[in-house]
Amino acid sequence: MGNTAEKKNFMDIFVDKIMIIAEPMGRLSSIPIMKAIQSGFSANMSLILVGSIFLIIGSLANGNLGLPPIAFLAPHVAKFTLINKMTMGFLALYVAIAMAIAYAKEKDVSEISAALLGCCVFFVINFNEEDLAEGVIDINRFGASSVFISMVVILVAIKIFSYFIERKLTIKLPDAVPANIANAFISLIPYLAVVSLAWLVRTVMNIDLVTVVNAVLNPILQSVDNIGFYTLDRTLSGVFWSAGLHYENMTSGIVRPFTTQWLAENAAAMEAGVALTDLPHIYTQGVNIWSNRPCFAYPILLLALFSKAPGMKAVGRACLIPVMFCICEPLMFGLPVVMNPFLIIPYILTCCMGSVVTYTAMSLKLVNRCFASSPWAAPCSLSALIQTGGDWRALVLIVINFAIGCIIYYPFWKAFEKSLIKKEAKTAEQS
Amino acid sequence: MKITLFCNAGLSTGMLVGRMQKSAAPGDEIAAYEFSCIKDMVKGSDVVLLGPQIRFKLKDAKAVCDPLGIPCDIISMVAYGRADGEAAYKQAKELYENK
């Protein structure tokens, strides 16, 4: 009795402490720019997925993925890898357009006007008259290296655009003119302002933001992909989820731009012939979905299914299919793991350990790094194979993570079971 | 009564939708979507419920729903966790009737 009361207090303190960080993070994730960034990147997932599928087919045909090459497809490999070049390889362009639309939606201005303006500004800020002199443009500008600058520039562009619209700094035709015609003129001055600004920067003053900023930022941005940040990110995720808060929803506006860009860089490197264990990045978009769940979720499922404590078998059975397809909410809220004083410690520990082991394994080149995208709800083993290009060692990693998870959870699970049995006995006694 | 649920990807609440439909009255419409499209999908709804894992988005949701007069709240954690469609439906109904 004393124990449960103390544990309840500990839970309240725990949640309160988390809310101190979670509240401002929640508010941060709600500001229009953050929402625009989130939407801008998630909108591109289908394109990235398609690119990955073509890349994998092309790589299979080529024999790049360890299996013998497919004879009738081998001469046409370039036709397949082309689609990856045009999707992940053009990431900055797609992000610019998607983000322009998403931000316009937040600001309640015309989405199609914003989309076209975003696309135009993207071109103007990247190329000047000399770049177009030969009638060809460098498509490397469409790729991962431009993502950050594109993001910032497009957001500023649409912000200025919406400012003009809101303050009605537009050409206003007399009311007698039909709405369609009047609307055509509304965007003129904002467009002129934004495009001219981009033009002044790139063409007139010859400041190539992409090159300038990349020279400064790149070393920093690239170094962010390290075991410290990855583990911190995953551990924080564990802490927040313990309080029932969707950490990834809060932080994807900050994390996604990095991980998506890193995935695109890995895909480009893979195509250029870099060995799959030597790809530039480890924390790619989607890697933690297949590598961490076996550590923090699967063990609970197993323990629940074989548990003699009341209710656990039923919860285990109900959660089996969702968890297999990477939907852990029923387990988190149903067992529950959320706010469960017995389980949150092992849960956070497994989030941490799973990420350490995965990152280390890839650091030591024991497992391929990821270069492809998979549908996030795909079962972990399938995702692992797709993302690493069929590396069986990724499956071994999953098993290792699972084993570690089981070891960490076991003692805490036993304590939890005991408390459940005790509770049932007490209610039986009282009735 | 048109009930619209929102969570991160529309998948976990999507599972609840099927369970809720068993308790639903004929003519009720229940659907689940991802939160990022709330502005578009909330139109025509009578009640909006959020998954508890995005409860920090309640203010955002209310900013969209209040001007449209749509009552909005967070699905009870217990009902959500146990995929208790009956409890979730009851919660929606009470929210709607008490507005």
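Counting only residues that are under 15 Å from B:N8 (Cα atoms) and of a type outside the set (S, T, Y), which one in region A:35-44 is most open to solvent (accessible area, probe 1.4 Å)? Let's see the steps before the verdict.
First pass over region A:35-44, keeping only residues under 15 Å from B:N8 (Cα atoms): A:35, A:38-39, A:41-43.
Of the ones still in play, those that are also of a type outside the set (S, T, Y) are A:35, A:38, A:41, A:43.
Values: A:K35: 49, A:Q38: 33, A:F41: 1, A:A43: 66 Å².
Here the answer is A:A43.
Does region A:129-153 hold any residues that are touching an Asp or Glu at 6+ places or on another chain (Cβ under 8 Å) and part of a loop (DSSP other than H, G, I, E, B), and which are they?
A:D131, A:I137, A:D138
I'd like to check something: does region A:19-27 contain any residue that is more than 30 Å from A:N340 (Cα to Cα), among the acidic types (D, E), within 11 Å of another protein chain (Cβ to nearest Cβ) and in a helix (DSSP H, G or I)?
In the first step, residues of region A:19-27 are kept if they are more than 30 Å from A:N340 (Cα to Cα); the result is none.
The answer is no, given that none of the residues of region A:19-27 is more than 30 Å from A:N340 (Cα to Cα), among the acidic types (D, E), within 11 Å of another protein chain (Cβ to nearest Cβ) and in a helix (DSSP H, G or I).
Please pick out the residue among A:G58, A:G51 that is in a helix (DSSP H, G or I), touching a Lys or Arg at 6+ places or on another chain (Cβ under 9 Å), more than 14 Å from every other protein chain (Cβ to nearest Cβ) and at pLDDT 90 or above. Please lay out each step first, then the result.
Working: A:G58 fails: at pLDDT 90 or above.
Among A:G58, A:G51, only A:G51 is in a helix (DSSP H, G or I), touching a Lys or Arg at 6+ places or on another chain (Cβ under 9 Å), more than 14 Å from every other protein chain (Cβ to nearest Cβ) and at pLDDT 90 or above.
When the residues of region B:11-29 are narrowed to those that are within 14 Å of B:V48 (Cβ to Cβ) and away from every other protein chain (no Cβ under 11 Å), which ends up least open to solvent (accessible area, probe 1.4 Å)?
Applying the filter and picking the extreme gives B:M20.
Of all the residues that make up region A:333-356, how many are facing chain B (nearest Cβ under 9 Å) and aliphatic (A, V, I, L, M)? Please lay out each step first, then the result.
Keep residues of region A:333-356 that are facing chain B (nearest Cβ under 9 Å), which gives A:333-336, A:338-339.
Filter once more, keeping what is aliphatic (A, V, I, L, M): A:335, A:338-339.
The qualifying residues number 3.
Does region B:44-66 hold any residues that are away from chain A (no Cβ under 12 Å) and either at pLDDT below 90 or farther than 14 Å from B:Y80 by Cα (or both), and which are they? Break it down into steps so the answer makes sense when it comes.
Taking region B:44-66 first, the residues away from chain A (no Cβ under 12 Å) are B:44-49, B:65-66.
B:G44, B:S45, B:D46, B:V47, B:V48, B:C65, B:D66 - these are the residues of region B:44-66 that are away from chain A (no Cβ under 12 Å) and either at pLDDT below 90 or farther than 14 Å from B:Y80 by Cα (or both).
Could you give me the residue pairs with C-beta distances under 6 Å whose first residue belongs to region A:252-267 and is farther than 13 Å from A:V147 by Cβ, whose second residue is in a helix (DSSP H, G or I) and aliphatic (A, V, I, L, M) wherever it lies, and which are 6+ apart or on separate chains?
A:G253/A:M34; A:G253/A:I37; A:A267/A:M88
List every residue pair whose Cβ atoms lie under 7 Å apart, where the two residues are 6 or more positions apart in sequence or sit on different chains, the first residue falls within region A:318-332 and is more than 8 Å from chain B (Cβ to nearest Cβ), and the second residue, located anywhere, is among the aliphatic types (A, V, I, L, M) and open to solvent by 10 Å² or more (accessible area, probe 1.4 Å).
If the second residue must be among the aliphatic types (A, V, I, L, M) and open to solvent by 10 Å² or more (accessible area, probe 1.4 Å), the pairs left are A:F325/A:A377; A:C326/A:I289; A:C326/A:A377.
Over 26 Å from A:A394 (Cα atoms) and assigned to a loop (DSSP other than H, G, I, E, B): which single residue out of A:A71, A:A78, A:A96, A:A92 fits that description?
Working: A:A78 fails: assigned to a loop (DSSP other than H, G, I, E, B); A:A96 fails: assigned to a loop (DSSP other than H, G, I, E, B); A:A92 fails: assigned to a loop (DSSP other than H, G, I, E, B).
After applying the criteria, what remains is A:A71.
Residue check: is A:G238 at pLDDT 90 or above, open to solvent by 30 Å² or more (accessible area, probe 1.4 Å) and part of a helix (DSSP H, G or I)? First the steps, then the outcome.
Details: at pLDDT 90 or above: yes; open to solvent by 30 Å² or more (accessible area, probe 1.4 Å): no; part of a helix (DSSP H, G or I): yes.
Answer is no for this residue.
Given the options A:I97, A:I125, name the one that is open to solvent by less than 60 Å² (accessible area, probe 1.4 Å) and within 18 Å of A:P32 (Cα to Cα). Full working, then the answer.
Details: A:I125 fails: within 18 Å of A:P32 (Cα to Cα).
Result of the check over A:I97, A:I125: A:I97.
Of all the residues that make up region B:40-88, how many are closer than 28 Å to A:L335 by Cβ and open to solvent by 20 Å² or more (accessible area, probe 1.4 Å)? Steps first, answer last, please.
Going residue by residue through region B:40-88, those that are closer than 28 Å to A:L335 by Cβ are B:47-58, B:61, B:72-88.
Checking the rest, the ones that are also open to solvent by 20 Å² or more (accessible area, probe 1.4 Å) come to B:55-56, B:58, B:73-74, B:76-78, B:82-84, B:86-87.
Qualifying residue count for the region: 13.
Which residues, taken from region A:304-356, are open to solvent by 40 Å² or more (accessible area, probe 1.4 Å) and of a type in the set (F, W, Y)?
Hits for region A:304-356 are A:F306, A:F325, A:F342.
May I ask you to list the residues in region A:223-282 that are over 21 Å from A:F90 (Cβ atoms) and small (G, A, S)?
From region A:223-282, those over 21 Å from A:F90 (Cβ atoms) are A:223-255, A:275-278, A:282; that's our starting set.
The answer is A:S223, A:G228, A:S237, A:G238, A:S242, A:A243, A:G244, A:S252, A:G253, A:A275.
Out of curiosity, is A:Y230 under 12 Å from A:V121 (Cβ atoms), buried (at least 17 other Cβ atoms within 10 Å of the Cβ) and among the hydroxyl-bearing types (S, T, Y)?
Numbers: under 12 Å from A:V121 (Cβ atoms): no; buried (at least 17 other Cβ atoms within 10 Å of the Cβ): yes; among the hydroxyl-bearing types (S, T, Y): yes.
Spelling it out, it is not the case that A:Y230 is under 12 Å from A:V121 (Cβ atoms), buried (at least 17 other Cβ atoms within 10 Å of the Cβ) and among the hydroxyl-bearing types (S, T, Y).
Open to solvent by less than 40 Å² (accessible area, probe 1.4 Å) and touching a residue at least 24 places away in the same chain (Cβ under 8 Å): does that describe A:N249? Walk me through it before giving the result.
Numbers: open to solvent by less than 40 Å² (accessible area, probe 1.4 Å): yes; touching a residue at least 24 places away in the same chain (Cβ under 8 Å): yes.
So A:N249 passes the test.
The values are calculated or read from the model by the stated rules, or taken from the named source; none is laboratory data. What you see is a predicted model, and the numbers here were worked out from it, not measured in a lab. Positions of Cβ are backbone-derived with ideal geometry, glycine not excepted, and every protein chain shown enters the neighbour counts. Please note that ligands, DNA and RNA were not included when accessible areas were found on the heavy atoms of the full protein model with its side chains. Shrake-Rupley method; radii C 1.70, N 1.55, O 1.52, S 1.80 Å.
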